[in-house]
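Q: Before we start, here is the structure in question, set down as structure tokens.
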Amino acid sequence: MANDSELQDRVDSMLRRAIVFSILWLMGIGSLISIVQAFRAKRIIDGSNGEVHGAGKVLWCFVVGGLGVAFWALVLIMVIVNGIKS
């Protein structure tokens with residue numbers, strides 16, 4: 001099992017990557033990657049008994065990544081609706 005310092009480094013790395021992907025979006029794929037990384041980091045943080053930190057970054061990834069997914073879902077719905085009307 002990794003020590004707390006190694007876990008913190010791992011979580012920090014995951015969350016840095018997730019924040020970058022949440023900002024870049026990459027046609028919604030970046031937002032999905034951000035959310036997946038946030039879930040993985042949250043699981044580690046929750047299991048660390050308070051030794052590993054990063055809950056604020058996890059929240060950022062959920063919010064910004066979620067907005068990116070919602071945006072592309074809306075675009076997809078609009079495309080489908082416009083295709084049905086044609």
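Here, each number is a calculation from the coordinates, and none is a lab measurement. Note that the coordinates shown come from a computational prediction; the quantities given were computed from them, not determined experimentally. As a convention, Cβ positions derive from the backbone with ideal geometry for all residues, glycine included, and neighbour counts pool all protein chains shown.
Q: Please identify the pairs in which a residue from the stretch 9-32 that is in contact (Cβ under 8 Å) with a residue 12 or more places away in the chain has its Cβ atom under 8 Å from the Cβ atom of a residue that is of a type in the set (Lys, Arg) and surrounded by fewer than 17 Cβ atoms within 10 Å (Cβ to Cβ), counting only partners at least 6 apart or on another chain.
A: Hits for this filter: Met14/Arg40.
Q: I need every pair where a residue in the stretch 53-76 that is under 13 Å from Ser22 (Cβ atoms) has its Cβ under 6 Å from the Cβ of a residue that is assigned to a helix (DSSP H, G or I) and among the β-branched types (Val, Ile, Thr), sequence separation at least 6 or different chains.
A: Correct list of pairs: Gly65/Ile35.
Q: Any residue at all in the stretch 48-60 that is polar (S, T, N, Q) and under 16 Å from the mean Cα position of the chain (by Cα)?
A: No, the stretch 48-60 contains no residue that is polar (S, T, N, Q) and under 16 Å from the mean Cα position of the chain (by Cα).
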